[in-house]
1. Tell me, yes or no, whether segment 143-150 has at least one residue that is surrounded by 15 or more Cβ atoms within 10 Å (Cβ to Cβ), touching an Asp or Glu at 6+ places or on another chain (Cβ under 7 Å) and at pLDDT below 90.
2. Since Ala132 meets every condition but one in (1) surrounded by 19 or more Cβ atoms within 10 Å (Cβ to Cβ); (2) without any contact (Cβ under 8 Å) to a residue 60 or more places away in the chain; (3) of a type in the set (A, V, I, L, M, F, W, C), which condition does it not meet?
3. Can you find even one residue in segment 74-95 that is of a type outside the set (A, V, I, L, M), touching a residue at least 40 places away in the same chain (Cβ under 8 Å) and surrounded by 21 or more Cβ atoms within 10 Å (Cβ to Cβ)?
4. What about Val74, is it at pLDDT 70 or above, aliphatic (A, V, I, L, M) and within 23 Å of Lys131 (Cα to Cα)?
5. Considering only residues that are surrounded by 15 or more Cβ atoms within 10 Å (Cβ to Cβ) and of a type in the set (Asp, Glu), which ones fall in segment 96-129?
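The values are calculated or read from the model by the stated rules, or taken from the named source; none is laboratory data. Because the structure is predicted, anything quoted here is derived from the model rather than measured. A quick note on method: Cβ atoms are made from the backbone with ideal geometry, for glycine too, and the neighbour counts reach across all protein chains shown.
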Amino acid sequence: MNKKYLSLFLVLVLLVSVFAGCTKSEQKPANSQQGADDTQYMKSDELKTIITENKSEYVIFDVRKKADYDTEHVKGAISADMDSIVTNNDNGPAKTNIETALAENDVKGKKVVLLCYSGKRYAAAATELLKAAGVEASNIYTLEGGYKGWTYTDLLEK
């Protein structure tokens, strides 16, 4: 009788292992620059270097609301308001969204840095639109911590 239970137990363990292995997602290393959703993050000091050295291979899109951009934004950033897209609000101005910013700015072969409030929701939506527009995912970066994480007040414009 013990052999019967032992065999049943081993079969059960094998089945659980197989199913668990099929659903396990790949883990990123702890020191990875990518988030759980494969978002690539850029640190503030890296963006500061890009701005101060006028690196032309980068385009910086500020995906916060246009009103917030107009109040204050990082030097060289282009307004690419994502609010109406993220909130599904059709009343937002169509000329300030990421699609218009893409049409007005050549990003082909360039790296795109996204600035949003916290580096999450608006940047994630903008990333999906950029990828749909043909921008390689490896060329899209989000400022770590978003606009809240930007500490270089000397590089702000009003």
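1. Looking only at segment 143-150, we keep the residues that are surrounded by 15 or more Cβ atoms within 10 Å (Cβ to Cβ), and these are 143-147, 149-150.
Then drop every residue that is not touching an Asp or Glu at 6+ places or on another chain (Cβ under 7 Å), which leaves none.
No, that holds for no residue.
2. Every condition holds for Ala132 apart from (1).
3. no
4. On the way: at pLDDT 70 or above: yes; aliphatic (A, V, I, L, M): yes; within 23 Å of Lys131 (Cα to Cα): no.
Taking the combined requirement at face value, the residue does not satisfy it.
5. Glu99
Per-residue answers, yes or no, for (1) on the phi < 0 side of the Ramachandran plot; (2) at pLDDT below 85; (3) of a type in the set (Phe, Trp, Tyr):
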site	(1), (2), (3)
Val86	yes, yes, no
Gly92	yes, yes, no
Lys95	yes, yes, no
Asn105	yes, no, no
Gly109	no, no, no
Val113	yes, no, no
Ala124	yes, no, no
Leu130	yes, no, no
Gly134	no, no, no
